[in-house]
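Input: a single structure, listed below in structure tokens.
Rule-based calculations on the coordinates, nothing more; no lab input. Fair warning: this is a prediction, and the values are worked out from it, not measured in the lab. Neighbour counts are summed over all protein chains in view; Cβ atoms, including those assigned to glycine, are modelled from backbone coordinates with ideal geometry.
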């Protein structure tokens, strides 16, 4: 009897790895998580699905984060903060928290990482650049881990 593929994987070739979903979570979803999502999308492209959310989202993205990412050629200006939902966590393979790990729901089978990063809120672009650079390094390491796991 032939093996049937789940409809989710019906268009995927056997040699292709399953596309991973990464959720970045911070308190306001206006700085750290938005910058991380921007980097992951820019550096990994369509190899991953990128989500971001906040436990207490602000009304807009931090202008200093937008400016710092623009210096890297990454446009996050049109993004908007989103509230963290259990659905977003459930559909993610990786959940990366940044200062709010204890408020993020835990589900089995997910990879949870907590990145200790300064909050860019209230900082000008000079204060945001080092945070941005640390995020870039962490995102590159995350891509290496995702690729290694296939």
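For the stretch 36-47, does any single residue satisfy the condition of being in a loop (DSSP other than H, G, I, E, B) and either under 21 Å from residue 130 (Cα atoms) or out of contact with any helix residue (DSSP H, G or I) (no Cβ under 9 Å at 6 or more places or on another chain) (or both)?
no
Residue count for the stretch 88-106, restricted to those that are in contact with a helix residue (DSSP H, G or I) (Cβ under 6 Å, 6 or more places away or on another chain) and part of a loop (DSSP other than H, G, I, E, B): 1. For the stretch 112-128, the set of residues classified as in contact with a strand residue (DSSP E or B) (Cβ under 8 Å, 6 or more places away or on another chain) and either in a helix (DSSP H, G or I) or farther than 20 Å from residue 35 by Cβ (or both) is empty. When the stretch 57-72 is examined, which residues are found to be part of a loop (DSSP other than H, G, I, E, B) and surrounded by 14 or more Cβ atoms within 10 Å (Cβ to Cβ)? 57, 58, 61, 62, 72, listed by residue number.
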